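Presented below is the structure to which this report refers.
The values are calculated or read from the model by the stated rules, or taken from the named source; none is laboratory data. What you see is a predicted model, and the numbers here were worked out from it, not measured in a lab. No Cβ is skipped: glycine too gets one built from the backbone with ideal geometry, and neighbour counts run over all protein chains shown. What goes into the accessible areas is simple: the full protein's heavy atoms, side chains included, and nothing from ligands, DNA or RNA. Shrake-Rupley method; radii C 1.70, N 1.55, O 1.52, S 1.80 Å.
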Amino acid sequence: MTTPMRARPLLAGRSTTSWTEALRRFGDASTYWLVTTSAQGRPHLVPVLAVVLDGTAHFAASGRTRKARDLAADPRCVIGASGPSVDMVVYGTATKVADEDRLRALADTYASKYGWQVTPRDGAFHDAEGAPTAGPPPYDVYGITPTRADGFATDADVEPTRWIAE
């Protein structure tokens, strides 16, 4: 599931941080911001609960939310977060996750990270109340395939880096 990403420094003469390390730190963030675009071209920014599993960032949304309707019209999106030592912005394409085994693994990951207990069935999360921005259940789960990511160091542990899908 991991998209190979080529790293290049954002500042001349600096080294880079590996995509694996950046994604680990991105996964350790607690608040994420998702940007979608409506069919009319209007941007929509909303906080989401996200997790990283097997190198892929995921979030959940009721099909009745604006973000889900936007993604149905145009799956391109941007997700950002402030993780340990790095602020990251990931550009990519969101795809619904329907595989039951994958959904079970994601449900476990959400429970571990946020204490959010959900039941995966019929290609979605059920039997839970979500964050106000997730809407009412059932929740579709999306994985983001990155095309580009930018990491802005917040301390000396990480180098400012741009990653581009290979």
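For region 34-54, what are the residues that are surrounded by fewer than 17 Cβ atoms within 10 Å (Cβ to Cβ) and either at positive phi or under 18 Å from the mean Cα position of the chain (by Cα) (or both)?
Selection gives T37, G41, P43, H44, L45, P47, D54.
(1) under 19 Å from A128 (Cα atoms); (2) touching a residue at least 24 places away in the same chain (Cβ under 8 Å); (3) in contact with a Phe, Trp or Tyr (Cβ under 8 Å, 6 or more places away or on another chain); (4) in a helix (DSSP H, G or I): which one isn't true of P47, the others all being true?
That leaves (4) as the condition not met.
Can you find a residue that is outside any strand (DSSP E or B) and either touching a strand residue (DSSP E or B) at 6+ places or on another chain (Cβ under 6 Å) or not acidic (D, E) (or both) anywhere in region 140-147? So that I can check it myself, show each step before the final result.
Step one: list which residues in region 140-147 are outside any strand (DSSP E or B), which gives none.
No, every residue in region 140-147 fails to be outside any strand (DSSP E or B) and either touching a strand residue (DSSP E or B) at 6+ places or on another chain (Cβ under 6 Å) or not acidic (D, E) (or both).
If you go through region 57-64 one residue at a time, do you hit one that is more than 20 Å from R148 (Cβ to Cβ), out of contact with any Phe, Trp or Tyr (no Cβ under 6 Å at 6 or more places or on another chain), in contact (Cβ under 8 Å) with a residue 40 or more places away in the chain and open to solvent by 10 Å² or more (accessible area, probe 1.4 Å)?
Within region 57-64, one or more residues are more than 20 Å from R148 (Cβ to Cβ), out of contact with any Phe, Trp or Tyr (no Cβ under 6 Å at 6 or more places or on another chain), in contact (Cβ under 8 Å) with a residue 40 or more places away in the chain and open to solvent by 10 Å² or more (accessible area, probe 1.4 Å).
Are there any pairs with C-beta distances below 9 angstrom linking a residue in region 87-111 that is without any contact (Cβ under 8 Å) to a residue 24 or more places away in the chain to a residue that is aromatic (F, W, Y), with the two at least 6 apart or on different chains, and if so which?
Listed by first residue and then by second, the contacts come to A107/W116; A107/F125.
Hey, does region 103-115 have a residue that's out of contact with any His (no Cβ under 7 Å at 6 or more places or on another chain), over 19 Å from D28 (Cα atoms) and open to solvent by less than 30 Å² (accessible area, probe 1.4 Å)?
yes
Which one is farthest from V35 (Cα to Cα), of the residues in region 121-164 that are open to solvent by 20 Å² or more (accessible area, probe 1.4 Å) and in contact with a Leu (Cβ under 7 Å, 6 or more places away or on another chain)?
Filtering first and then ranking leaves R162.
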